[in-house]
C-alpha cells in the first residue's frame, strides 16, 4: 500500500494536468479542434505521433491520461497507437541515463526502435481499420470511438471562457470527476501489481533467463521482458550487467523495448480503454516490433 500510494503521489502532477486539460477541452468544445488536428494524411499523422512519442517527456504512467483524452476526443486509433507504443520506451531523461549506463549507441538504437515501433504499429492499425476490422475499438463508455468519430465530423463553436456558462461549467466538473475516477482506479491496480512483482520476482531469475548469446536469447528476452520488466530506470543496470556477462546486445534491447511498451501501468491502461481484440493487437505489435528491433540491432552490432 505504501508503494502504491507513493507512486500515485509521484504521478499526481501528470494526472492533475492531464485531467484538467481533458475536462477543459470538453467543456469549451476544444476537443473537436484537437481531434480535427489529427485528420488528413494517415502517414503524416502516424509519423508525427511516433516522433512525438519517442521524444516526449512522459513516463508510461504519465502518458495514460493523454492517451485516454486523445481516444475520447475521437483521434484516429492509428495515430494514438503510434504514440502510445513509442512513448513508454524513450524520453529525454531515459536517453541520458541509457547513454551513461549502456553507451550512446545503445541509447540511439533504443530511440530509433521506439519511433520505428510507433510507425509500424500505426501502419498496421491503419490498414486493419481500412479493412473494417477496427471500426469500434473503444470499450463502452470511453469516448465515442471510431476512426474519426463524431467530434471530428460535427462542428461546434468553442467557448474558451466556459466558466461564464453554467452548463459548460457543470460539464467541466463532470468530465474531471469521471476522468479522475477512471484513472485512479486503474493506476491503483497497476501500481499494486507492480509492487507484488517487485516483491516476488527475484532479479536472479531474470538474469538466468536472459543469459547467453545468439538468436534465441533475443526471443527469450522479448517474452521475459513483458512480465519481468519492473522499472525503466532499474532495468538499465540489470541489462548492463547481463551484457557484461556475455548477453547479446540485441537481447538487451529487446528486453528494454518489450518491457517498456508493455509495462504494467501502460498495459493496464490500454486494457481499460480498448476492447480485447485491440489489446491483443497492441501486445502482438509490441512483441513483434521488440524482437525485430533486437534482431536488427544485433545484426548491426556484429558488422
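Values in this text are rule-based calculations from the coordinates and carry no lab data. Every value quoted in this text rests on a predicted model; they were computed, and no experiment measured them. Using ideal geometry, Cβ is built from the backbone for each residue, glycine included, and neighbour counts are taken over all protein chains shown.
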May I ask you to derive the FRET efficiency for residue 168 and residue 133 from their Cβ-Cβ distance with R0 = 35 Å, giving the value to the nearest 0.05? 0.40
Taking R0 as 25 Å and r as the Cβ-Cβ distance between residue 296 and residue 200, the FRET efficiency 1/(1 + (r/R0)^6), rounded to the nearest 0.05, comes to 0.15
Which FRET efficiency value, to the nearest 0.05, do you get for residue 112 and residue 44 by plugging their Cβ-Cβ distance into 1/(1 + (r/R0)^6) with R0 = 22 Å? 0.65
In nanometres, what is the gap between the two model label sites at residue 276 and residue 181, each 7 Å from Cα along Cα-to-Cβ? 2.6
